[in-house]
Amino acid sequence: MSQGVVIIGVQWGDEGKGKIVDYYASDADVVCRFQGGNNAGHTLVVHGKQTILHLIPSGILHPHTKCLIGSGVVVDAEVFLEEINILKGLGIERLEDRIYLSDRCHLIMDYHRRLDEAREEKKAGKIGTTKRGIGPAYEDRVARRGLRIADLYNPEQFNEKLKANLDEKNFLLKELYHVEALQTQHYQQKYHEIAQNIRPFVRDVSSCLNGLIEDDKKILYEGAQGVLLDVDYGTYPYVTSSHTLPSQSALGLGARLPDQTLFIGVMKAYSTRVGEGPFVTELKDALGNRLRETGAEFGATTGRPRRCGWLDLVAVKYALQVSGIKNLAITKADVLSGLDTLKVCVAYDCGGQRVDTIPADTARLWKAKPVYETLSGWKEDLKPIQKSQDIPRALQEYVQFIEKFTGARVNLVSTGADRENVIDIHKAF
Ligand code: GDP
Ligand code: IMO
Ligand code: MG
């Protein structure tokens with residue numbers, strides 16, 4: 001029987017998915033990305049050494065894994081090649097045999113980045129994107145004018161489509177956004193070189209993955225962003241431009257899920273968010289600063305300070321409902337060590353009305369006030385703890401509160417950034 005584990009962030013991203021994927025990857029044969037692009041920043045720490053990955057799956061540090069990038073991912077080929085060079089520099093070998101890049105992936109082009117930047121520079125309607133061109137690339141995909149990796153190997157067609165896109169985008173850049181247009185001459189040569197350099201990695205990922213599932217390989221799926229940034233179910237319009245839910249894992253790879261597949265939601269023990277958008281439990285005071293400093297809450301992609309706040313269980317419960325996730329991995333419990341009491345948000349007060357889910361009308365969410373319950377804190381250093389029976393009582397009660405409120409089971413508690421800092425309560429594979 002084939003087995004799979006799908007790892008999904010259940011807040012606004014940066015929950016520690018990279019760390020959890022790296023941890024589970026020791027038991028997996030294959031690790032797959034299925035949506036998003038290099039807006040993701042996934043941090044792995046192994047024996048104190050940090051690696052940040054944006055596109056390549058977080059299983060790559062385990063020499064036995066195959067790492068697949070499915071058609072649901074938008075690929076900035078230059079970033080992909082930079083990441084390959086970084087990994088080669090770390091002494092990781094046989095990358096061409098281990099990394100499979102789908103020929104159906106859409107390319108993020110220079111004009112996508114430029115449009116993303118130009119829109120963000122305008123004051124009105126700012127989303128606070130990562131400016132990596134993600135939104136414009138997904139727009140072109142659904143508008144059916146995108147360039148895909150397969151197009152790189154049909155130069156005549158590629159050049160024709162490129163020209164049409166450059167004409168359109170340069171018009172927008174110049175006439176609408178009043179910024180410099182792109183010089184078009186060198187693009188054909190640039191993409192000719194890119195095509196040659198990425199060629200060893202390009203594969204029919206759908207067919208490869210279906211074969212691996214038929215062979216009963218253990219498949220780990222690595223979500224990027226989080227449920228509350230999903231284009232439909234997140235806090236729209238302050239979301240990313242892809243689906244971040246576990247159902248996207250089959251779609252974004254073109255393969256059925258394994259016979260037995262567990263969805264695990266990764267949840268930080270408190271809340272953070274980067275970019276604009278409503279954040280009901282945000283702390284703009286000394287406590288928020290304390291969480292940012294202790295938790296090193298600065299973006300792994302853009303370096304922006306993350307907004308910090310108490311755990312919003314209304315948001316998490318909603319995220320579990322829309323995604324069908326019933327198991328959780330809680331990260332960064334160590335960051336809360338030393339606080340006398342902890343607050344968790346159990347409802348919203350929307351103009352005097354008690355609300356227990358995320359309203360579709362984001363304007364209402366902006367005005368919502370948190371309704372808190374207060375729980376006891378813990379003082380212990382959690383890092384040395386490996387067994388669930390050694391978890392301090394107050395943390396046990398925190399975990400039990402989360403389980404009771406959400407109806408989900410907590411499989412794992414992470415107690416530090418390093419691969420080893422894990423209390424694995426229920427095995428995933
Ligand atoms: P991702 O995007 O979900 O993979 O998360 P990021 O890598 O962007 O951000 C998570 C940050 O928290 C990284 O700096 C991790 O090294 C770090 N981290 C992950 N788990 C833990 C944990 O349990 N405790 C602490 N202190 N740091 C953690
Ligand atoms: P990982 O995978 C946190 C946020 C941006 C912005 C919004 C839209 O590391 O958890 P985009 O560039 O996608 O168009 O930006 O989504 N965002 C993330 N926030 N972690 C991420 O990825 C994010 N990827 C995008 O800050 O608010
Ligand atoms: Mg991140």
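The values are calculated or read from the model by the stated rules, or taken from the named source; none is laboratory data. None of these values were measured; they are calculated from a predicted model. Note that we place each Cβ from the backbone using ideal geometry, even for glycine, and neighbour counts take in every protein chain shown.
Looking only at region 313-341, count how many residues are crowded, with 22+ Cβ neighbours inside 10 Å, assigned to a strand (DSSP E or B) and more than 15 Å from ligand 2 (Cβ to nearest atom).
Final tally of qualifying residues: 2.
Kindly evaluate D259 against the criterion of being modelled with pLDDT of 95 or more, outside the structural domain of F405 (by TED's automatic domain parsing) and closer than 26 Å to G223 by Cβ.
Yes, satisfied.
Which pairs do you get when a residue that is surrounded by fewer than 12 Cβ atoms within 10 Å (Cβ to Cβ), found in region 83-96, comes within reach of a residue that is among the aliphatic types (A, V, I, L, M) and assigned to a helix (DSSP H, G or I), reach meaning Cβ atoms under 7 angstrom, with the pair 6+ apart or on two chains?
What qualifies is K88/L95.
Select from region 365-398 the residues that are under 23 Å from A347 (Cβ atoms) and touching a Ser or Thr at 6+ places or on another chain (Cβ under 9 Å) and list them in ascending order.
Hits for region 365-398 are L365, P370, Y372, T374, L375, S376, G377, A394, E397, Y398.
Quick one: would you say K126 is surrounded by fewer than 16 Cβ atoms within 10 Å (Cβ to Cβ), under 23 Å from the mean Cα position of the chain (by Cα), more than 30 Å from H64 (Cβ to Cβ) and at pLDDT below 95? Steps first, please.
Details: surrounded by fewer than 16 Cβ atoms within 10 Å (Cβ to Cβ): yes; under 23 Å from the mean Cα position of the chain (by Cα): yes; more than 30 Å from H64 (Cβ to Cβ): yes; at pLDDT below 95: yes.
So K126 passes the test.
Of the numbered conditions (1) under 25 Å from F263 (Cβ atoms); (2) more than 16 Å from ligand 1 (Cβ to nearest atom); (3) not in a loop (DSSP other than H, G, I, E, B), I84 satisfies every one except a single condition; which is it?
All conditions are met except number (1).
Which one of these does F279 not meet: (1) more than 16 Å from ligand 1 (Cβ to nearest atom); (2) outside the structural domain of L382 (by TED's automatic domain parsing)?
(2)
Is it true that some residue in region 115-122 is more than 16 Å from ligand 2 (Cβ to nearest atom), part of a helix (DSSP H, G or I) and within 27 Å of L229 (Cα to Cα)?
No, there is no match, as no residue in region 115-122 is more than 16 Å from ligand 2 (Cβ to nearest atom), part of a helix (DSSP H, G or I) and within 27 Å of L229 (Cα to Cα).
Residues checked against (1) under 30 Å from I358 (Cα atoms); (2) of a type in the set (S, T, N, Q); (3) in the same structural domain as G275 (by TED's automatic domain parsing):
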| site | (1), (2), (3) |
| --- | --- |
| K123 | yes, no, no |
| G146 | no, no, no |
| N154 | no, yes, no |
| L220 | yes, no, no |
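Specify which of the listed residues (G265, G303, G275, G254) is small (G, A, S) and part of a strand (DSSP E or B).
Numbers: G303 fails: part of a strand (DSSP E or B); G275 fails: part of a strand (DSSP E or B); G254 fails: part of a strand (DSSP E or B).
G265 is the lone residue from the list that is small (G, A, S) and part of a strand (DSSP E or B).
Is there a residue being out of contact with any Leu (no Cβ under 8 Å at 6 or more places or on another chain), in a loop (DSSP other than H, G, I, E, B) and of a type in the set (V, I, T) anywhere in region 168-181?
No, every residue in region 168-181 fails to be out of contact with any Leu (no Cβ under 8 Å at 6 or more places or on another chain), in a loop (DSSP other than H, G, I, E, B) and of a type in the set (V, I, T).
In region 27-48, which residues are surrounded by fewer than 22 Cβ atoms within 10 Å (Cβ to Cβ) and within 12 Å of ligand 1 (Cβ to nearest atom)?
Listed by number, the residues that qualify are G41, T43, V45, V46, G48.
Test I92 against the criterion of being of a type in the set (A, V, I, L, M, F, W, C), within 30 Å of Y233 (Cβ to Cβ) and either within 16 Å of ligand 3 (Cβ to nearest atom) or in a loop (DSSP other than H, G, I, E, B) (or both), and give yes or no.
No: the conditions fail for I92.
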